[in-house]
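A short worksheet on the structure shown next.
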Amino acid sequence: MDIKVLGPGCAKCKKTEKLVQEVIKETGVEATVEKVSDMMQIASYGVFGTPSVIVDGEVKCAGKVPKKDDIKKWLGK
């Protein structure tokens, strides 16, 4: 599973990345997490609000910090 956390590095973006890492650790899901902070690369996903979470190429969340339960659903847990 390929997960990308999109954001320039603000507090909400860091919190989102931390939550994603925690859920992966708790559930044991095999996944790689990449932090994307380049605004041109973020825009290439069609996302204009950050933080955003992309799971296997699909935008799951944009413009807000997701809840842990939502992240678990995205990971199939």
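The values are calculated or read from the model by the stated rules, or taken from the named source; none is laboratory data. A quick note: this is a predicted structure, and the numbers were derived from the prediction, not measured. Note that each Cβ is placed from the backbone with ideal geometry, even for glycine, and that neighbours are counted across all protein chains shown. The area values use the complete protein model at the heavy-atom level, side chains included, leaving out ligands, DNA and RNA. Shrake-Rupley method; radii C 1.70, N 1.55, O 1.52, S 1.80 Å.
Quick notes on this structure:
- Whichever residue in region 4-53 is β-branched (V, I, T) and either closer than 16 Å to K64 by Cα or touching a His at 6+ places or on another chain (Cβ under 9 Å) (or both) and, among such residues, is most open to solvent (accessible area, probe 1.4 Å): T50
- Pairs with Cβ under 7 Å, 6+ apart, first in region 62-77 and over 19 Å from M1 (Cα atoms) and in a loop (DSSP other than H, G, I, E, B), second open to solvent by 60 Å² or more (accessible area, probe 1.4 Å) and of a type in the set (D, E, K, R): V65/K12; V65/K15
- D56 being at positive phi and either of a type in the set (A, V, I, L, M) or touching a strand residue (DSSP E or B) at 6+ places or on another chain (Cβ under 7 Å) (or both): yes
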